[in-house]
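To keep things clear, I will list the structure first and then write my remarks on it.
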Amino acid sequence: MDKVAFKMKLKPGFKDEYKKRHDEIWPELKKLLKENGVSDYTIFLDEETDTLFAVQLQQEGQSSQDLGTTAIVQKWWTYMADIMDTHADHSPISIPLLKVFHMD
């Protein structure tokens, strides 16, 4: 398993809405992620900067970033585009983070 981290940007004032939408994540999206090797997925929010910090485990050779061509992911991106910084195709602007330390 590979542990990856990335950051995204939430638009100001949407903390509660972002949490609500993820509390109600669509079962078919959750299933797609799991079927494609994504697990232990956690998103944190830095409330001072509205920066989202995500960490997930991925099966080696697989990435949640590779699922952008699926209809359900594209639908989710469109659903979330009003509260996040996104690209023109509504995919979230996601910046990979460099691992500099790990301790078990």
Here the residues within the range 40-74 that are within 25 Å of Phe14 (Cα to Cα), of a type outside the set (A, V, I, L, M, F, W, C) and modelled with pLDDT of 90 or more are Asp40, Tyr41, Thr42, Asp46, Glu47, Glu48, Thr49, Asp50, Thr51, Gln56, Gln74
Note on the range 8-43: residues surrounded by 11 or more Cβ atoms within 10 Å (Cβ to Cβ), farther than 15 Å from Ile83 by Cα and charged (D, E, K, R) are Glu28, Lys30, Lys31, Lys34
Reported set for the range 54-104 where residues are without any contact (Cβ under 8 Å) to a residue 60 or more places away in the chain, among the hydrophobic types (A, V, I, L, M, F, W, C) and assigned to a loop (DSSP other than H, G, I, E, B) is Ala81, Ala88, Leu98, Val100, Phe101, Met103
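Pick out the one residue from Gln74, Gln59 that is touching a Gly at 6+ places or on another chain (Cβ under 8 Å) and surrounded by 13 or more Cβ atoms within 10 Å (Cβ to Cβ).
Values: Gln59 fails: surrounded by 13 or more Cβ atoms within 10 Å (Cβ to Cβ).
Matching residue, one of Gln74, Gln59: Gln74.
The values are calculated or read from the model by the stated rules, or taken from the named source; none is laboratory data. It should be emphasised that the depicted structure is a prediction, and the values quoted were computed from it without experimental measurement. Methodologically, a virtual Cβ is constructed for each residue, glycine included, from the backbone with ideal geometry; neighbour enumeration extends over all protein chains shown.
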